[in-house]
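Scroll down for the structure; my scribbles are underneath it.
The values are calculated or read from the model by the stated rules, or taken from the named source; none is laboratory data. Everything numeric in this text was worked out from a predicted model, so none of it was measured. Every residue, glycine as well, gets a Cβ built from its backbone with ideal geometry; the counts of neighbours run over all protein chains shown. Side chains included, ligands, DNA and RNA excluded: accessible areas come from the protein's heavy atoms. Shrake-Rupley method; radii C 1.70, N 1.55, O 1.52, S 1.80 Å.
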Amino acid sequence: MRHGVATLVLATVMAISPTMASAGGQDSVGRAITQPLRDTRLKNQKIPAVLQLAASAPYSGANTGSCSAILAEVRRLEAALGPDADSARRAKGEGSAVAAVAARTAVNSLIPGLGIVRVITGADKEQRRAEAAVYAGSIRRAYLKGIGRMKRCGTPAAPTAAAIADTPELDRE
């Protein structure tokens with residue numbers, strides 16, 4: 001019975017994954033629903049070239065000669081990573097994050113032995129590789145913004161004034 005349900009879920013996910021995956025960001029319900037496809041390596045996660053380059057040399061001096069070069073590099077990284085910690089973001093309710101966690105939990109609970117499946121298919125190794133590329137991309141973006149600050153570039157090639165405040169503050173919420 002559980003095997004039949006898992007098969008039905010996978011078939012449904014494969015049918016709706018193109019529209020659901022494009023509808024949301026990295027923590028979206030669509031991404032959670034398509035997670036079993038990545039876990040079983042039916043759908044591989046593509047690591048953007050800009051993140052692969054960042055992973056190979058996050059502190060490279062490439063594209064740091066001018067503010068416009070830094071800006072272009074930061075924008076390429078933001079396209080792959082999403083907005084930086086210092087950028088103005090659209091307020092997003094907690095509802096979407098809660099829905100994504102609920103969907104991921106529900107979908108993952110339908111597949112028995114998912115951890116073993118991830119090891120056998122290599123999905124866990126692929127996920128670690130993708131997470132390392134995202135981490136390196138974040139480091140690269142921070143490095144570029146530091147150089148942008150030294151060169152007195154404007155944002156987003158340099159951090160915002162609030163991000164470099166002399167007295168950091170804790171969020172009271």
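Tabulated results
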{"item": "Long-range HN-HN contacts of Thr155 with modeled amide H, under 5 Å", "result": "none"}
{"item": "In nm, spacing of pseudo-spin labels at Asp124 and Ile139 (7 Å Cα→C-beta vector)", "result": "2.4 nm"}
{"item": "Solvent-accessible area per residue for segment 123-162 (1.4 angstrom probe, square angstrom)", "result": "57 Å²"}
